[in-house]
Amino acid sequence: MNESWLLFKRSLSDFWRIFRRNRMGMTGAVLVLAAVMVAVIAPALSPYTPATVIRDEAGRGLTFAPPSVHGPLGTDDAGRDVWTQLVYGARISLTVGFMAGFIAMFVGSLLGILAGYFGGWLDNLLMRVTDVLLVIPDLPLMLVLVATLRQMELKVSPLTVLILVIGLLYWTSTARLVRSQVLSIKERQFVARARAIGAGHFHIIRKHILPQIMPLIVANTVLILSTAILIESGLAFLGLGDPTQPSWGTMLNFAFDRNAISNGAWWFYLPPGLAIVWVSLGCVLLGNVLEEMLNPRLMGHHLEGEARVVKTEAGRG
Amino acid sequence: MPDSPLLIVENLVKHFPLNSSLLDLLLRREPDVVRAVDGVSFSLARGEVLAIVGESGCGKTTIARTLIGLEEETDGTILFGGQRIGTHERRLRAGLIPLEAGAVGTREQQTLPRMSLKHLRQHAQMIFQDPYESLNPRATIFEIVAEPLVVHGLLRKREERIARVKSALEDAGLRPAEDYFLRYPHELSGGQRQRVVIAGAMVLEPELLIADEPVSMLDVSIRAEILNLLKELQKKRGVGIVFITHDLGTVAYFADRLAVMYLGRIVESGPTAEVLRNPQHPYTKALLSVVPVPNPRLRRERIILQGETPNPLNLPGGCRFHPRCPVAVAACKQSDPAYIRVAEGHETACLLVQPA
């Protein structure tokens, strides 16, 4: 256990050394981390709650107050603070996006590995299901599903419904990607060697297939996260979010409904839109860089390893 | 049974069916098959080295993969330490394939004790051709060498496992072993990687090693080292080796016995020195005539075979070597030659050879 921990630390620090120099990746990481930080410390960033109505001296609600009149980002049509809604909305948007992204990644990887490794009728079955899901347009299907599940008055929160629907419908591309990788890896000689040693399927998948595709899965997850956040915003914009827990998409929905655009209240609809762009841009930058970096072929040369040994020996002497 | 051979292969057949089209299915045509291995028999004593020599595509690698159970044999018998192995046989017993009288071995052979694939793989190990591909790039050398122990649940104690891996690596010439434990395959050279593969194969202390062209991907300067290592392991541990190669030069150095394959059949077999000194089959003669000789004064007449190897989909009738054979006669097109004994343990399948 001790050695594997050491190795893990070594590979992590190697990774960090290269990653640090990558400007695009660092930008992405900073964007994503900043959004996560804002979501975590939301109560510290605002004296109000999203539902608090801001009132003037006469006690009337301050509706559509521009940033010059109130706070950093003004108020909405009901006199609530936009900045407060924005930081609290980060919690909802990111939670839904991350949870749905991880579910999609998990389901996609699992089905991709099963289909690719075992092949045969299982592969056929899973890939036909994938084809069907790929052919149906995502957004209308999710709309119908979320709306229908809402009607059924299940004892789960609307956000859970949203998470499950996005997560359980969005795994198709991951499954395809993982399957194609597994198909090529399982034909490689070290898998044949493992079989010749007498290893079972579980051992081969865990020790030989998974480590090869893990980088791909990590990079793909980050990319899926951005899509999941976008889809959540889309669904919420169309009115399928939880109005009691507004996300960025719900804010846009409110702004659109209450004529923020014709009222010229740009501070109501621009910030949530930019926040969505911020996070998805961060995820895409980070994901692309990770995908590029975690390719095992770019990891180093055997002479590099020997050079390292020589260096340590010289260091000792 | 100390004197019984370690491995007996009788009439091993491996056909790869080609995908048949819908039309073939509708017309109920028999699917085309590639006859990769077509009736091969040999045996291997404990601690003996048998070399199987032949050109590309003659079925050498298929034999290796079938012996270790990576391929399912189409027909034939494989006995390992007196026990039957092979997937075909197990399916037969499970009733998946109808048992036809005389289809597989004799009644006596069918009642021999059987061995599970997992058990076999504990006693027989395979070395693959390409050391750059046969090691998991994301596993450390320790993990790779210890993997057979993990798979078979042996030496569960940590210290024992470390000690065994250390001794296996050192036996394979990687010293000090600890320096290699935490390194990854991409940090090693080709020769070092092949040593790791050998260490991984020897860590279970197998009785049989199947080496599929273990040196053909290595630089010439490293080949001799790896061959010496294998030879040393064979002498020290008494492990039997099936050595598959296309290079007659390494065979002379390495093998006790030699089997020459052509298109899925063994055409000549016998003690290495005897076969090399006194080749009988025209194919063996042709192969030997083109082995490079360092001394230019000793140049011999080379026999260059004409034409291509026939397609194993569509084998020639009669002796399968006759289209390329420099000395073929009319009878060669008609009848498939049987094995003829030319000397003690030396057999060949050629119509033109007179029995001793």
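We did not get these values from a lab; they are worked out from the coordinates using the rules stated. What you see is a predicted model; the values in this text were computed from it and never measured. Cβ atoms come from the backbone with ideal geometry, glycine included; neighbour counts cover every protein chain shown.
Of note:
- Legend: ranking of residues A:Trp248, A:Trp121, A:Trp278, A:Trp171 from fewest to most surrounding C-beta atoms inside 10 Å; resulting order A:Trp121, A:Trp278, A:Trp171, A:Trp248.
- 25 °C / 0.890 mPa s Stokes-Einstein diffusion coefficient of the stretch A:2-296, Kirkwood radius on C-alpha pairs, µm²/s: 115 µm²/s
- Take each residue in B:179-186, count the other chain C-beta atoms within 10 Å of its C-beta, and the mean is 4.
- Leading residue at positive end of dipole, the stretch B:128-239 (Cβ point charges), from B:Ile144, B:Ser189, B:Ala168: B:Ala168
- Put the Cα centre of the stretch B:2-79 next to the Cα centre of the stretch B:265-334 and the gap is 22 Å.
- Counting every other Cβ atom within 10 Å of each residue's Cβ, B:Phe254, A:Phe256, B:Phe243, B:Phe42 order from fewest to most as A:Phe256, B:Phe42, B:Phe254, B:Phe243.
- Modelled label positions at A:Leu139 and B:Arg175, each set 7 Å beyond Cα in the direction of Cβ, lie 7.1 nm from each other.
- Chain A: most fluctuating residue of A:Ile197, A:Ile261, A:Ile54 per GNM, C-alpha cutoff 10 Å: A:Ile197
- Note that the protein assembly as shown, at 4 °C in a medium of 1.567 mPa s, gets a Stokes-Einstein diffusion coefficient of 43 µm²/s from its Kirkwood radius over C-alpha pairs.
- Loop-located trypsin sites (Lys or Arg not before Pro) in the stretch B:252-356, at most 15 other Cβ atoms within 10 Å (DSSP): B:Arg299, B:Arg300, B:Arg302
- Inter-centroid distance (Cα atoms) of the stretch A:153-220 relative to the stretch B:137-162, Å: 25 Å
- For the stretch A:2-296, relative contact order (Cα pairs under 8 Å, six or more residues apart, normalised by length) works out to 25 percent.
- Eligible lysines near B:Lys60 by straight Cα distance, threshold 18 Å, same-chain separation 8 or greater: B:Lys14
- Remark: mean inter-chain Cβ contacts per residue of A:6-18 equal 1, using a 10 Å Cβ-Cβ cutoff to other protein chain atoms.
- The alpha-carbon positions of chain B define a convex hull whose volume is 181 Å³ per residue.
- Neighbour counts of other Cβ atoms within 10 Å put B:Tyr184, B:Tyr253 in the fewest-to-most order B:Tyr253, B:Tyr184.
- Which listed pairs, of A:Lys186/B:Lys285; A:Lys186/B:Lys333; A:Lys9/B:Lys235; A:Lys9/A:Lys155; B:Lys118/B:Lys166; A:Lys155/A:Lys186, have C-alpha distances above 32 Å, in listed order: A:Lys186/B:Lys285; A:Lys186/B:Lys333; A:Lys9/B:Lys235; A:Lys9/A:Lys155; A:Lys155/A:Lys186
- In order through the stretch A:155-171: 3J(HN,Hα) via Karplus (6.51 cos²θ - 1.76 cosθ + 1.60), integer Hz, x for Gly, Pro: 8, 10, 6, x, 5, 4, 4, 4, 4, 5, 5, 5, x, 8, 10, 9, 8
- Rounded to the nearest 20, the Cβ-based charge dipole of the protein assembly as shown about its Cα centre (Lys and Arg +1, Asp and Glu -1) stands at 880 debye.
- Estimated FRET transfer efficiency when R0 is 56 angstrom, pair B:Glu205-B:Glu301 (beta carbons, to 0.05): 0.75
- Our helix-only sum for chain A, with -39,500 (n - 2.57) per DSSP H run of n ≥ 4 divided by its residues, gives a mean residue ellipticity at 222 nm of -24000 deg cm²/dmol.
- Cβ-based charge dipole, the protein assembly as shown, positive-most Cα from B:Gly238, B:Phe42, B:Val275: B:Gly238
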